[in-house]
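The values are calculated or read from the model by the stated rules, or taken from the named source; none is laboratory data. Keep in mind the model is a prediction, meaning the values are calculated, not measured. Glycine gets a Cβ as well: all are built from the backbone with ideal geometry, and neighbour counts include every protein chain shown. To get the accessible areas, we keep the full protein, side chains included, count just its heavy atoms, and leave off ligands, DNA and RNA. Shrake-Rupley method; radii C 1.70, N 1.55, O 1.52, S 1.80 Å.
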Amino acid sequence: MPKEVAIIGVGYAGFRALTPEVSYKELMYEAAVKAYEDAGVDPRRDIESFVTVAEDFTEGTSIFDEYVPDQLGAVLKPVHTISGEGLHGFIAAYLQVLTGAMDIVAVEAHSKASNILTPDEIMAFAMDPVYNRPLRANPHFIAGLEMNRYLCETGTTREQCALVVAKNKHNALYNPLAAYGASIAVEDVLESEMVSYPLSRLDMSPRADGAIVMVLAARERAEELSDIPIWIRGVGWCNDSFSLENRDWTNAIYAARAAEMAYRMAGIRTPWQELDFAEIDDTFSYKELQHMEALRLCRPGEAGLLVEDGATEIGGEFPVNPSGGSLGMGHLLDASGLARLLEVVLQLRGEAGQHQLSDVETGLAFGWRGLPTTSGAAVILSN
Amino acid sequence: MALLEKVDKNIEARAWQGEIPIQSRYTCGLAGEKFFREIMENGRFAGTHCAECEYTYVPPTIYCERCFAKLDEWVEVGPEGTVQSFTVLLVAPDGTPLEEPDILALIQLDGADSVLVHRLGKVGLDELAIGMRVKAVFKPKKEREGSILDIVHFVPVNA
Ligand SMILES: [Zn+2]
């Protein structure tokens with residue numbers, strides 16, 4: 001894939017458990033101002049189109065796409081909202097530039113999770129109203145079922161999942177953007193309150209508030225505006241069957257297919273050799289392992305062993321979630337995938353600070369839309 | 001220009017609280033109608049079969065999500081099946097702790113390729129296993145109302 005479209009600016013705000021001092025619009029505004037400053041563009045003059053990512057129920061309004069132009073500098077400009085993962089929005093923005101229709105496009109995703117008073121009820125509302133919702137079960141049971149099946153099928157252990165939590169929270173200690181950095185032991189995870197066996201409280205990423213804006217530009221404008229354009233080399237997205245009854249309960253097939261599409265575009269055949277690191281969804285500890293296998297970062301059933309060997313630590317052979325992931329940074333709802341991608345950008349620019357990886361050229365970001373979905377998207381970047 | 005001033009006193013961080021009252025009807029559809037009627041009237045599970053994909057859907061659908069064909073071949077499945085996964089849920093829908101653990105499972109009914117999501121009952125926590133054989137327990141006929149809750153739960157076949 002030739003270098004056609006680059007990320008020329010990133011901005012972010014929040015990344016904390018609570019942000020009571022600002023409204024969600026002000027959070028978005030702050031992220032946007034930083035991204036436009038970083039890119040050296042004026043949104044009113046230079047940005048031709050805007051894509052935002054939001055879901056009505058988490059915003060607490062209907063038709064949320066009407067609520068986005070003003071705080072992004074997008075009034076009276078092409079703008080639309082995607083109800084999906086942050087990376088779905090990013091890919092939509094990328095495709096707008098790739099068509100040649102637009103030269104400079106901005107994408108935004110955010111979480112004001114601390115304003116949501118009934119998060120589990122909203123999640124439950126996403127389950128099938130006829131076959132699943134009448135059971136009146138907290139939707140985390142879906143993660144419990146999937147984790148149990150994954151452990152049984154692959155021989156992965158709860159201890160190996162707990163190591164993912166310890167690794168990611170440790171990485172987060174070195175990331176000033178991370179809200180949940182901590183030094184914890186495997187036992188802390190194993191002994192934490194059980195939510196839906198075998199899933200414990202610490203196996204779950206806690207929620208956080210935050211907003212992320214990125215500015216994308218076509219090659220010529222990117223080279224003109226930026227000293228360190230980060231190139232988009234491959235994108236892919238895929239959904240498995242949504243129904244709990246028909247989905248693949250063992251393999252994250254949505255992740256496998258999304259990644260295959262992105263690898264094909266980027267000309268990548270052996271991801272674990274050709275990629276330098278990955279930032280992938282770790283909404284739940286086992287998800288990082290299941291996603292590693294689906295993304296072909298290791299062989300099926302091998303992810304737990306790699307974590308045990310320290311291969312996915314910051315100093316390891318193939319770092320996974322050097323940012324701390326959602327377990328360490330906090331889960332940003334549908335902005336989570338964009339947070340993974342933000343870390344890939346910062347690493348490739350050499351701006352990751354204390355948790356900077358050495359000699360990285362190509363990285364993968366993968367986002368999953370969370371319970372109860374089977375919706376995933378992958379993006380490959382290089383510097 | 002970014003924000004020059006922010007609320008810097010906690011007690012001045014004001015918020016307005018609201019809620020969304022939503023009520024809906026959810027139509028069961030052609031396939032759901034037949035599935036629930038079969039449970040209500042006969043205490044049996046009805047599925048649809050795609051001969052092309054050799055896949056049986058329970059709950060049934062009138063189309064095959066694999067090959068997109070219209071499905072009209074109905075088959076009876078269950079009432080026994082195999083647990084493909086289980087979980088012991090300890091939190092209520094609102095996130096608060098449950099007093100009694102709730103056991104949920106994926107049950108692949110004999111003859112079906114899909115799974116059914118439901119509760120397990122009359123089983124000790126130490127008896128739970130992936131691969132265990134279970135059977136459906138229906139509500140008494142006159143209490144059935146055409147809902148997934150017409151199935152009380154699944155219990156071990158030897159119970
Ligand atoms: Zn078929």
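Got the relative contact order for the range A:33-80 handy, in percent, Cα pairs under 8 Å and 6 or more residues apart?
Numbers: 35 pairs, mean separation 20.2, N = 48.
Relative contact order for the range A:33-80 comes out at 42 percent.
Of A:I314, A:T270, A:H291, which is farthest towards the positive pole of the range A:269-316's charge dipole, taken about the Cα centre with +1 and -1 on the beta-carbons of Lys, Arg and Asp, Glu respectively?
A:T270
Apply the Karplus parameterisation 6.51 cos²θ - 1.76 cosθ + 1.60, with θ equal to phi minus 60°, to every residue of the range A:11-17 and state each ³J(HN,Hα) to the nearest whole Hz, in sequence, with x for glycine and proline.
Karplus values, whole Hz, x for Gly and Pro: x, 8, 8, x, 6, 9, 5.
Sorting A:K25, A:K287, B:K9 by accessible area (1.4 Å probe), largest first, what list results?
Values: A:K25 60, A:K287 0, B:K9 110 Å².
Ranked list, largest accessible area first: B:K9, A:K25, A:K287.
Determine the shielding of peptide B:78-89 by partner chains: average, over its residues, the number of Cβ atoms on other chains within 10 angstrom of each Cβ.
Rounded to a whole number, the mean comes out at 5.
What dipole magnitude, in Debye to the nearest 20, does chain B give about its Cα centre under +1 on Lys/Arg Cβ and -1 on Asp/Glu Cβ?
300 debye
When every alpha-carbon pair in the range A:79-222 is counted, what percent end up more than 27 Å apart?
Of all Cα-Cα pairs in the range A:79-222, 45 percent lie more than 27 Å apart.
Using a simple charge model, +1 on the beta-carbon of Lys and Arg, -1 on the beta-carbon of Asp and Glu, nothing else, what dipole does the range A:1-128 show about its Cα centre, in debye to the nearest 20?
About 340 debye.
On average, how much accessible surface per residue is there in the range B:29-156, in Å², for a 1.4 Å probe, leaving out ligands, DNA and RNA?
Result: 47 Å² of accessible area for each residue.
May I ask which residue of B:L89, B:F154, B:M132 lies farthest towards the positive end of the charge dipole of the range B:29-156, with charges of +1 (Lys, Arg) and -1 (Asp, Glu) on Cβ and the Cα centre as origin?
Of B:L89, B:F154, B:M132, it is B:F154.
Between the alpha-carbon centers of the range B:29-104 and the range A:22-94, tell me the distance in whole angstrom.
40 Å
As an exercise, use a Förster radius of 22 Å and the Cβ-Cβ distance of A:K3 and A:K77 to find the FRET efficiency, rounded to the nearest 0.05.
0.25
Need one number: convex hull volume per residue for the protein assembly as shown, Cα atoms only, in Å³.
Taking the convex hull of the Cα positions in the protein assembly as shown, it is 162 Å³ per residue.
Summarise the partner chain shielding of B:103-110 as one whole number: the mean count of Cβ atoms from other chains within 10 Å of each residue's Cβ.
Mean shielding count: 3.
Given a 1.4 Å probe and no ligands, DNA or RNA in the count, how much accessible surface is buried by A and B, both sides, to the nearest 100 Å²? Provide the component values of the computation, followed by the final result.
Values: alone 15160 and 11450 Å², together 22870 Å².
Between A and B, the summed buried area is about 3700 Å².
Highest mean first, what order results for A:205-217, A:344-356 on Cβ atoms within 10 Å?
Details: A:205-217: 27.0, A:344-356: 18.2.
Sorting A:205-217, A:344-356 by mean packing, highest first, produces A:205-217, A:344-356.
Calculate what fraction, in whole %, of the accessible area of the range B:29-156 sits on carbon and sulfur atoms when a 1.4 Å probe is rolled over the protein chains.
Within the range B:29-156, the accessible surface is 51 percent carbon and sulfur.
What residues qualify as long-range amide H neighbours of A:L199, i.e. H under 5 Å apart, gap of 5 or more or another chain, H built at 1.01 Å from N?
Under 5 Å from the amide H of A:L199: no residue qualifies.
With the cut-off at 1.5 for a/c, could you classify the range A:55-102 from its C-alpha gyration tensor as rounded, prolate or oblate?
oblate
With only Lys, Arg, Asp and Glu charged, each at its Cβ (+1 for the first two, -1 for the last two), find how big the charge dipole of the protein assembly as shown is about the Cα centre; round to the nearest 20 debye.
860 debye
Can you tell me what share of the DSSP beta bridges in chain A is antiparallel? A percent to the nearest 5 is fine.
In chain A, approximately 70 percent of DSSP beta bridges are antiparallel ones.
For the range A:187-271, with every protein chain kept in place, what is the accessible area per residue (1.4 Å probe, Å²)?
41 Å²
When only C-alpha pairs under 8 Å and at least 6 residues apart count, what is the relative contact order of chain A, in percent?
Result for chain A is 24 percent.
What relative contact order, as a whole-number percentage, does the range B:29-156 give when Cα pairs under 8 Å and 6 or more residues apart are counted?
23 percent
Under the classification rounded if a/c is under 1.5, otherwise prolate if a/b is larger than b/c and oblate if not, where does the range A:250-383 fall, given a ≥ b ≥ c as square roots of the Cα gyration tensor eigenvalues?
Here the range A:250-383 falls in the rounded category.
Take every residue in peptide B:112-121, count the Cβ atoms of other chains within 10 Å of its Cβ, and give the average of those counts.
Across B:112-121, the average partner-chain Cβ count within 10 Å equals 4.
With a/c under 1.5 counting as rounded, go ahead and sort the range B:15-150 into rounded, prolate or oblate using the C-alpha gyration tensor (a ≥ b ≥ c being the square roots of the eigenvalues; past the cut-off, prolate if a/b is larger than b/c, else oblate).
oblate
I want to verify a result. In a Gaussian network model of chain A, Cα cutoff 10 Å, which of these has the top mean-square fluctuation: A:P229, A:P119, A:P134?
Fluctuation is largest for A:P134.
Positive end of the dipole of the range B:29-156, charges at C-beta (+1 Lys, Arg; -1 Asp, Glu), about the Cα centre: which of B:G47, B:C67, B:V115 has its Cα farthest in that direction?
Of the candidates, B:G47 comes out farthest on the positive side.
Which percentage, to the nearest 5, of the DSSP beta bridges contained in the range B:29-156 is antiparallel?
In the range B:29-156, DSSP labels about 95 percent of beta bridges as antiparallel.
Counting each DSSP H run of 4 or more residues in the protein assembly as shown as -39500 (n - 2.57), what helix-only mean residue ellipticity at 222 nm follows after dividing by all residues, to the nearest 500 deg cm²/dmol?
Value at 222 nm, helices only: -8000 deg cm²/dmol.
If you keep only loop residues by DSSP, which chymotrypsin sites (Phe, Trp or Tyr not before Pro) in the range B:60-146 have at most 16 other Cβ atoms within 10 Å of their Cβ?
Filter output for the range B:60-146: B:F68.
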